[in-house]
Structure formats: C-alpha cells, structure tokens
Amino acid sequence: MIEIGAQVDLSHPPERVWLALTDRELLGQWFAEAETVEGVPDRLLLHTADLPGFEADVEVEVTERQEPQLLVLACDEAGRLSELTCTVTATKQGCRLDVREVSTHGAWSADQHEPREQQLRQALTVRLPAILDWLAFQQVDLRRGDGGLTAELPLIGPRGRAGGNPRRRRTLVAVVAGAVLLAGTAAWITLPPESKPAAAPAPTATPSPTVTSGKAVVTSTATPSARPSRTTASPTTRPSRTPSANPSRTPASAPPSPPPTPVVARYETDSSRLFGYTGEIVVDNPGDAPVGDWAVVVTLAEGTTVDDVDGANWRQDERAITFTGGVLAAGGSRTISFDVRDSRPKAREPESCTIGGNPCAGL
C-alpha cells in the first residue's frame with residue numbers, strides 16, 4: 001500500500017473549501033477539468049492525463065460524503081485503483097484541508113510517485129488558495145453591484161431620521177450655546193477685581209527710597225530696616241546655593257546610556273498567491289548574552305490584514321503588526337511566519353520592517 005498526501009491551512013471557512021472540492025467548474029480551475037459520466041450518479045471523469053505523475057484520466061466515484069467535513073472518492077486510473085480522502089477541519093483562522101490517496105490495487109512507479117505528490121501539493125498550496133480568494137471576492141465584494149443593502153443604508157440626512165429635523169437640531173444647539181454664554185458672563189461678573197491680586201507683588205518694589213522718605217517716621221523706620229535686610233540676604237544665600245548644589249547633583253543623577261541591542265532580523269516573502277502572500281522573519285542574536293526584550297514591527301500595505309502567525313506573539317495596531325517572543329539565547333535564532341490577505345489581485349509586500357528601531361534586512 002502506497003500513500004500520497006498533503007496538508008494545507010486555509011484562511012477560508014469549511015463551507016467555501018467544500019464548494020471548491022465538489023463543484024465541477026471550480027474543481028477544473030484549481031486541479032483538473034472534470035465531466036460527468038452519463039447515467040452514473042456521483043461519478044466524474046478527471047482529465048489528468050497531461051498532469052505530472054498521471055498516466056491517464058482518472059474516473060472517480062463518491063463513496064462517502066459528510067458535508068463539509070469528509071469526502072471519500074474511489075479512483076480508477078486505467079485499472080490502477082486507489083482511494084482518495086479529503087478531510088476538512090475548522091480552525092480559528094479558517095480550516096485545515098488534509099488530502100490522502102492510498103493505492104488499493106496496483107502501484108505507482110518510482111518515477112510517478114514523486115511528481116504526483118508534488119502536483120497535489122502545488123494544487124493545494126498555490127492554485128486552491130487563489131481560487132478560494134477569488135470565490136470570496138465574488139461572493140462578498142461583488143454583491144455591491146446587485147444593489148445590496150450597502151446602497152440603502154440611511155447614512156445621508158435628507159432620507160433618514162438623522163436629517164429629518166434640521167431646524168430642531170439648530171434650535172437646540174442655539175439654546176445650549178446661549179446657556180453656555182450666559183453662564184460664562186455671570187462667572188465673569190462675579191469674579192473679584194484684579195486690583196487686589198495686583199497689590200500683592202507691589203511690596204517687592206516698595207524698598208525704594210521714595211517710600212521711606214515720604215511717609216511717617218514709624219513707617220520709614222520699620223520698612224527700611226526689615227526689607228533691605230531681606231533683600232541683601234537673598235543675594236548672599238542664592239549664589240552660594242546655586243553653584244554648590246548644581247555641580248554635585250548633575251553627575252549623580254545622569255543615568256548610564258543603555259547598550260545597543262544585538263538582535264537583528266531579516267525578512268523574506270516565502271510564498272505569494274492571488275490576494276495574499278506568506279511572509280517570513282528570521283530573528284538572530286549574534287551576541288554573547290541572551291536577549292529577552294525584543295520586538296519586530298512590520299507595517300503592512302494599505303488594504304492588507306494578517307490572518308495567521310506562527311513562531312511569536314503578536315498584536316495589531318491599524319497597519320502596524322508587532323511580533324514578540326521569549327528569551328533568545330546567545331547565538332540563537334527564531335523564525336516567524338505570517339499569512340497576509342491582500343484586497344488587490346497582485347499582493348504587495350510590507351512597507352517596512354524594523355527591530356529595535358533598525359530596519360530588517362531583505363526588505
């Protein structure tokens with residue numbers, strides 16, 4: 001018994017993947033053209049003779065069907081029999097598709113086994129995600145052309161309740177504004193005059209000779225004797241405090257400059273597809289000591305989102321994605337992979353990638 005298999009994680013719901021597996025036209029777009037066999041239900045003829053690893057067209061018949069989790073097919077390739085099992089498992093990001101083909105009668109040759117498995121892997125990891133993205137685009141975005149609810153939402157004033165009483169809203173705004181104005185006027189009237197607060201700093205200028213000479217003897221003797229003593233005391237004490245305190249505090253309070261981070265990173269687009277790609281970041285610690293505080297910040301292009309991340313913790317702030325991880329040992333490295341969905345048919349790479357404020361290599 002010889003087995004051929006492949007597995008892929010998809011950012012689509014199981015129902016959409018099931019449709020791509022069972023719809024004859026969709027199946028022909030990502031795997032092989034198919035046609036029904038007249039008079040036999042649940043039987044198709046796949047035109048696989050020209051595909052790598054196939055020697056003839058394959059006739060398939062559904063033997064077990066559990067929508068949308070399980071599909072089992074009995075295959076006949078010019079007398080060579082096999083069983084093909086497709087299992088769809090829901091995940092947080094979408095679903096996982098596992099395809100296994102086991103020979104039940106006859107065997108594939110050594111020259112046929114490897115190309116056949118490569119053909120299956122390429123179909124699942126490249127062409128199928130592209131068709132699923134296209135199908136999602138058709139099912140969601142293009143529905144706007146059918147005059148859906150997005151064209152009828154009551155967002156514009158003249159039709160909806162929000163714009164039904166413009167006079168009432170303007171009147172209410174005017175009343176509120178008038179109340180605020182009256183409250184502000186009343187508060188301004190009740191404020192104490194500014195002459196009293198202004199009189200407080202006046203004693204600073206009274207030690208002049210004009211005040212002591214023009215008033216009574218009691219006033220002139222009390223004012224000059226106290227105020228000049230205070231005025232002369234402040235210049236003698238302030239210069240002594242300022243030079244003596246500042247030079248001693250400055251060297252003690254200056255913190256040591258932090259050492260530069262030795263962690264570096266490089267970016268690479270691992271695989272690209274229609275409406276998305278898979279990015280890969282390798283974080284290296286070339287230093288002699290472990291590093292526990294590192295972060296990689298990736299800025300995505302407009303209209304792109306992250307679906308799945310492997311190898312690090314992550315958080316998203318608009319288009320900025322921050323990846324963090326545990327302690328990176330001296331001389332160690334860590335690989336981070338992430339799937340990106342793009343609203344455009346031609347996927348775009350991230351706009352920037354930095355680690356510790358330094359740009360990543362490769363981008």
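Take the residues of the stretch 1-12 that are touching a helix residue (DSSP H, G or I) at 6+ places or on another chain (Cβ under 9 Å) and in a loop (DSSP other than H, G, I, E, B): which is most open to solvent (accessible area, probe 1.4 Å)? Looking at the filtered set, the residue picked out is ILE2. Within the stretch 323-349, residues that are at positive phi sit with their Cβ atoms under 7 Å from residues that are crowded, with 19+ Cβ neighbours inside 10 Å and outside any strand (DSSP E or B), at 6+ positions apart or across chains, in these pairs: GLY331/ASN285. When the stretch 318-335 is filtered for residues that are under 13 Å from the mean Cα position of the chain (by Cα) and outside any loop (DSSP other than H, G, I, E, B), the ones remaining, listed by number, are ALA320, ILE321, THR322, PHE323. Within the stretch 33-45, the set of residues being open to solvent by less than 70 Å² (accessible area, probe 1.4 Å) and touching a helix residue (DSSP H, G or I) at 6+ places or on another chain (Cβ under 8 Å) comprises ALA34, LEU44. Among the candidates ARG96, ARG80, ARG16, ARG100, the residue that is charged (D, E, K, R), open to solvent by less than 50 Å² (accessible area, probe 1.4 Å) and modelled with pLDDT of 90 or more is uniquely ARG16.
Cβ-Cβ contacts under 9 Å between residues 6 or more apart (or on different chains), taken from a first residue in the stretch 265-278 that is basic (Lys, Arg) to a second residue that is part of a strand (DSSP E or B) and modelled with pLDDT under 90, are absent.
Would you be able to say whether some residue in the stretch 124-138 is of a type in the set (Gly, Ala, Ser), at pLDDT below 90, touching a Ser or Thr at 6+ places or on another chain (Cβ under 8 Å) and open to solvent by less than 60 Å² (accessible area, probe 1.4 Å)? Among the residues of the stretch 124-138, not one is of a type in the set (Gly, Ala, Ser), at pLDDT below 90, touching a Ser or Thr at 6+ places or on another chain (Cβ under 8 Å) and open to solvent by less than 60 Å² (accessible area, probe 1.4 Å), which makes the answer no. Of all residues in the stretch 104-114, none satisfies being in contact with a Phe, Trp or Tyr (Cβ under 7 Å, 6 or more places away or on another chain) and either under 29 Å from VAL309 (Cα atoms) or open to solvent by less than 50 Å² (accessible area, probe 1.4 Å) (or both). Here the condition is being in contact with a strand residue (DSSP E or B) (Cβ under 9 Å, 6 or more places away or on another chain) and under 16 Å from LEU71 (Cβ atoms); of GLY28, GLY5, it holds for GLY5 alone.
When each of ASP42, ASP76, ASP50, ASP23 is tested for being without any contact (Cβ under 8 Å) to a residue 24 or more places away in the chain, over 32 Å from the mean Cα position of the chain (by Cα) and under 19 Å from THR125 (Cα atoms), the lone residue that passes is ASP23.
If I filter the stretch 155-168 for residues that are over 23 Å from GLU33 (Cα atoms) and modelled with pLDDT of 80 or more, do I get at least one hit? No, that holds for no residue. Within the stretch 276-305, if we keep just the residues that are surrounded by 19 or more Cβ atoms within 10 Å (Cβ to Cβ) and closer than 16 Å to GLN93 by Cα, the residue that is nearest to the chain's Cα centre (by Cα) turns out to be THR304. Scanning the stretch 313-361 for residues that are among the small types (Gly, Ala, Ser) and more than 23 Å from ASP293 (Cβ to Cβ) returns SER343, ALA347. Only residues that are in contact (Cβ under 8 Å) with a residue 24 or more places away in the chain and either in a loop (DSSP other than H, G, I, E, B) or acidic (Asp, Glu) (or both) were counted across the stretch 294-317, and they come to 9.
For the stretch 24-32, check the following and say yes or no: at least one residue is open to solvent by 40 Å² or more (accessible area, probe 1.4 Å) and part of a strand (DSSP E or B). Within the stretch 24-32 (the criterion being open to solvent by 40 Å² or more (accessible area, probe 1.4 Å) and part of a strand (DSSP E or B)), the answer is no, since none of the residues qualifies. Scanning the stretch 60-73 for residues that are assigned to a strand (DSSP E or B) and buried (at least 17 other Cβ atoms within 10 Å of the Cβ) yields VAL60, LEU71, LEU73.
The values are calculated or read from the model by the stated rules, or taken from the named source; none is laboratory data. What you see is a predicted model; the values in this text were computed from it and never measured. As a convention, Cβ positions derive from the backbone with ideal geometry for all residues, glycine included, and neighbour counts pool all protein chains shown. We work out accessible area using only protein heavy atoms, side chains counted, and drop any ligands, DNA or RNA first. Shrake-Rupley method; radii C 1.70, N 1.55, O 1.52, S 1.80 Å.
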